[in-house]
Amino acid sequence: MNIGTRKILDRSFTAVGIGSIIVMAVALMIVVVPIITNGIGAVFFTGTVEHRKMLFSEFKRGDSEKLSSEVASSDRYRAKVYGMLTDFEAELETMAPEKKVEYKAKYAEVRAALQALFGPLPGDPEPMLTRFKYGQTRWEKAEEKLHDLLYETKWDNSNPDVMAKEYFVSRAIGFQGTSLVKLFPYVKDNMEKLLLPEFTFYWGFITDSSVDSHFFGGIWPEIQGTFFLAVGAMLFAFPLGVVAAVYFTEYARPGFLNSMLRSANSTLAGVPSIVFGMFGLAFFINTLKVSESKSVIAGALTLAIMILPTIIRAAEEAILAVPKTYREASLSLGSSKWNTIATVILPAALPGIITGGIISLGRAAGETAPIIFTAAVSVGSAIGLADVLTSPTPALSWNIYNLASEHEAAAQIRHVQYGMVLALVSIVLMLNLSAIVLRARISKKLKG
């Protein structure tokens, strides 16, 4: 191959490599940017007076005097809304029966929209669920509910050849000639005075427990549960993985048994995570009875079995990367084999071993399938260390899936879902960054 052809090939491979990096960066941005922008919205947002009422009532947080002043200011404008409702109800009693039935159905929709916007109306019974005790706590959601109040959704089915098209009709049209027609422009023009929006930094999203299935509150139990499960898995898997790697590299002799063990380790690394979840349920809970039902210890053991092959492989490669001259020098000075492994080989391989361990820790933190049957619950409070042997726990990975796919009001709590995703991504990213920093420091210290 001549020099010209070689240069062309070198430039071609360089261009392909750079292009691949750019494509990967763009793909990463497409995934990460929405997570960051929407996730930050769980902490930084425009909150209404209803949010401040909720914080004070549920978490005893806030300035009571300022809140009382805001509630009084908001109530002055809401009183006019309630007065319009009272006037229309009196007007209903004077209508003909047919008209009364027609307007009652429309009026029920208006009341439902106002309840969603402002919370319980005068005369309503005390709600049983917390979600119905308050109006809209976030300004963007309040604007959506305002649209529901002002407009009625209709569907155009006139053309059978195309899918029905959605369109909106002003609700005020349906109340022309009645006293309630004044309600709609009044609410629209005075929305800010009715809900008093202001910029909010809600740090409690990280430190608070959820209220009423994540309608309010934060995600601390999920963060704590993820930490317990991931760290618990490492406490079991890391020592076993390092010991197994030492055996494979220093003590195991070539043969059938060694080949079988290595094949088993490689096979385990490729087993789907849901299989580990079923194994954990069958073995740790039903057979060994480590707990009566789901528990942190059962989930941690299941995750430990799942990440064990990765830790073994990473530790094995790190040990094999240690120069043979280290071994030979230690043995030539009269050191025993085990003393050489403990004082020379393992310290030299420590950067690689720790890197593999922390990467496995990040994987354990992000897994969902292994903890579905062994440890995770959809809703729960934060648990203490004394409860890890008997109690299940919420976890970020499981709750993200649960809120996005199974929650009855998934569309209303998108900010919570994105906030959980951002928290989980941040935790895994910090673990990986810590691995890089720790490896660099240990390597620098070993080099002197």
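Pick out the one residue from Leu129, Leu117 that is under 18 Å from Lys182 (Cα atoms), within 28 Å of the chain's Cα centre (by Cα) and in the same structural domain as Ala172 (by TED's automatic domain parsing).
Being under 18 Å from Lys182 (Cα atoms), within 28 Å of the chain's Cα centre (by Cα) and in the same structural domain as Ala172 (by TED's automatic domain parsing) holds for just one of Leu129, Leu117, which is Leu117.
Once the stretch 288-335 is narrowed to residues that are farther than 15 Å from Ile354 by Cα, within 32 Å of the chain's Cα centre (by Cα) and not aliphatic (A, V, I, L, M), the residue that is surrounded by the most Cβ atoms within 10 Å (Cβ to Cβ) is Gly299. Does Met95 meet the test of being farther than 26 Å from Gly217 by Cβ, part of a loop (DSSP other than H, G, I, E, B) and either without any contact (Cβ under 8 Å) to a residue 40 or more places away in the chain or not assigned by TED's automatic domain parsing to the domain that holds Phe168 (or both)? It is true that Met95 is farther than 26 Å from Gly217 by Cβ, part of a loop (DSSP other than H, G, I, E, B) and either without any contact (Cβ under 8 Å) to a residue 40 or more places away in the chain or not assigned by TED's automatic domain parsing to the domain that holds Phe168 (or both). Of the residues that sit in the stretch 364-383 and are outside any helix (DSSP H, G or I) and of a type outside the set (Val, Ile, Thr), which one is surrounded by the most Cβ atoms within 10 Å (Cβ to Cβ)? Among those residues, the one meeting the criterion is Ala375. Residue by residue through the stretch 242-295, note down the ones that are touching a Pro at 6+ places or on another chain (Cβ under 6 Å) and under 30 Å from Trp338 (Cβ atoms). Those that are touching a Pro at 6+ places or on another chain (Cβ under 6 Å) and under 30 Å from Trp338 (Cβ atoms): Asn265, Leu268, Ala269. Of all residues in the stretch 225-259, those that are within 24 Å of Ile371 (Cα to Cα) and surrounded by fewer than 19 Cβ atoms within 10 Å (Cβ to Cβ) total 6. Figure legend. Inter-residue proximity from the stretch 327-344: first residues in the same structural domain as Val242 (by TED's automatic domain parsing) and outside any helix (DSSP H, G or I), second residues among the small types (Gly, Ala, Ser) and modelled with pLDDT of 90 or more, beta-carbon distance below 6 Å, spacing 6+ or different chains. No pairs are indicated. Return the residue satisfying two criteria in turn: it lies in the stretch 417-448 and is more than 16 Å from Gly357 (Cβ to Cβ) and loosely packed, with under 13 Cβ neighbours inside 10 Å, and of such residues it is modelled with the highest pLDDT. Out of the qualifying residues, it is Leu429. Could you please find all residues in the stretch 405-448 being assigned to a helix (DSSP H, G or I) and within 18 Å of Phe216 (Cβ to Cβ)? Scanning the stretch 405-448 gives Ala410, Ala411, Gln412, Ile413, Arg414, His415, Val416, Gln417, Tyr418, Gly419, Met420, Ala423. Of all residues in the stretch 47-65, those that are in a helix (DSSP H, G or I) and within 17 Å of Glu192 (Cα to Cα) total 5. Taken over the stretch 101-143, the criterion of being of a type in the set (S, T, N, Q), part of a helix (DSSP H, G or I) and over 15 Å from Val187 (Cα atoms) is satisfied by Thr130 alone.
Going through the stretch 245-272 one residue at a time, which ones are in contact (Cβ under 8 Å) with a residue 40 or more places away in the chain and over 19 Å from Ala314 (Cα atoms)? Within the stretch 245-272, Pro272 is the sole residue that qualifies. When the stretch 275-316 is filtered for residues that are over 20 Å from Gly241 (Cα atoms), charged (D, E, K, R) and either touching a residue at least 40 places away in the same chain (Cβ under 8 Å) or not assigned by TED's automatic domain parsing to the domain that holds Thr368 (or both), the ones remaining, listed by number, are Glu292, Lys294. Yes or no: the stretch 384-400 includes at least one residue that is of a type in the set (Ser, Thr, Tyr), assigned to a helix (DSSP H, G or I) and assigned by TED's automatic domain parsing to the domain that holds Val231. Yes, because at least one residue in the stretch 384-400 is of a type in the set (Ser, Thr, Tyr), assigned to a helix (DSSP H, G or I) and assigned by TED's automatic domain parsing to the domain that holds Val231.
The values are calculated or read from the model by the stated rules, or taken from the named source; none is laboratory data. All values derive from a computational prediction rather than experimental measurement. With ideal geometry, Cβ positions are generated from the backbone for all residues, glycine too; neighbour counts draw on all protein chains shown.
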